[in-house]
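Enquirer: Before anything else, here's the structure in question.
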Amino acid sequence: MEYLVLFVLFVFGLTVGSFLNVLIYRFSERENLKGILKGRSYCPNCKTPIKWYDNIPLISYLVLKGRCRHCGWKIPLRYPLVELLGGITPVVVYLLYSDQGWLTVFSYTLMVYILLVISLIDWKTFEVPDTLSLGGLVAGLALSFFRPDITSTESFIAALIGAGVVVLLILLYYFLKGIVPLGLGDAKVLAMIGAFEGYTGVYCSLFLGAIFALLFFLPQVVRNRSLQFAVPFVPFLSLGAVIGLLCRKLGILSFLYGGA
């Protein structure tokens, strides 16, 4: 029975992953929300609507050998990878948090999906859609009233801390250097992470995110001998948040939320 649940979650996640690709592309192209949610999927190159049999997650990519059936456009590897991550996410979250109930599994799965979408959008455009970050914040706060693994008090306070820390860093760095190191989009994302994941998520996202970002961009720092260049920080915050899920489950940093 357990294997059947995991299989259903994986197949469901693959389908969601296909939809996440639509969100990533259309938000990156700055389409309005009505346009994003309306209409069939189409080839980004030739704009031809995609038939259902060419839109089966992973399978269609393999059958078409990674190319559009109509124009031969090479489909970026990002598409099947996002679909695969969409399938893996609920499986891993279920394995970690099934003992906390389905609402907790749903909440963390939703958080990871939102983080995946906004991370790839931020990487491409250096922008974070408020529809996703603020919408996720509201969802995280609302769900905290019904989840057994986090209190609504922790959710609200962690969200405030997440946003407040980023705003404080912006003000301090601007006062000292005259430069804005982060954007308000980062504050909204960290607030959303706090709403879903509590204090552990905020700490892991900010601390680990900064380390991952520095390591990733270290060659550029050395080459330019400066930290003054644009960095899409949301992907690194998101990676820290995902690791924070494991930390929370294992009780690492449990002192942050009074765990045993």
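The values are calculated or read from the model by the stated rules, or taken from the named source; none is laboratory data. Here the structure is a predicted model, which is why all the values come from computation and not from measurement. Neighbour counts run over all protein chains shown; Cβ positions are idealised from the backbone, glycine included.
Enquirer: Take the residues of the range 123-153 that are touching a helix residue (DSSP H, G or I) at 6+ places or on another chain (Cβ under 6 Å) and either among the charged types (D, E, K, R) or not assigned by TED's automatic domain parsing to the domain that holds Leu237 (or both): which is nearest to Ile36 (Cα to Cα)?
Expert: Lys124
Enquirer: Oh, and also: Output the residue which, of all residues in the range 217-260 that are more than 30 Å from Thr151 (Cβ to Cβ) and modelled with pLDDT of 80 or more, is surrounded by the fewest Cβ atoms within 10 Å (Cβ to Cβ).
Expert: Checked the range 217-260; the qualifying residue surrounded by the fewest Cβ atoms within 10 Å (Cβ to Cβ) is Phe217.
Enquirer: Only one of (1) farther than 19 Å from Ser28 by Cα; (2) touching a residue at least 24 places away in the same chain (Cβ under 8 Å) fails for Gly164. Which number is that?
Expert: All conditions pass for Gly164, except number (2).
Enquirer: Sticking with this structure for a sec: Is there any pair with a first residue in the range 184-200 that is more than 15 Å from Phe126 (Cβ to Cβ) and a second that is of a type in the set (Phe, Trp, Tyr) whose Cβ atoms are under 8 Å apart and which are 6 or more apart or on different chains, and what are they?
Expert: Final answer for the pair search is Ala195/Phe156; Phe196/Tyr108; Glu197/Tyr108; Gly198/Tyr257; Tyr199/Tyr257; Thr200/Tyr257.
Enquirer: Here is a follow-up. Within the range 72-85, is even one residue under 24 Å from Gly140 (Cβ atoms) and crowded, with 20+ Cβ neighbours inside 10 Å?
Expert: Yes, the range 72-85 contains at least one residue that is under 24 Å from Gly140 (Cβ atoms) and crowded, with 20+ Cβ neighbours inside 10 Å.
Enquirer: Consider Gly39 carefully, then state whether it is among the small types (Gly, Ala, Ser), exposed (fewer than 15 other Cβ atoms within 10 Å of the Cβ) and closer than 25 Å to Thr125 by Cα.
Expert: yes
Enquirer: Check off (1) over 28 Å from Leu239 (Cα atoms); (2) touching a helix residue (DSSP H, G or I) at 6+ places or on another chain (Cβ under 8 Å); (3) of a type outside the set (Gly, Ala, Ser) for Pro49 and give me the number that stays unchecked.
Expert: Going through the list (1) over 28 Å from Leu239 (Cα atoms); (2) touching a helix residue (DSSP H, G or I) at 6+ places or on another chain (Cβ under 8 Å); (3) of a type outside the set (Gly, Ala, Ser), Pro49 breaks only (2).
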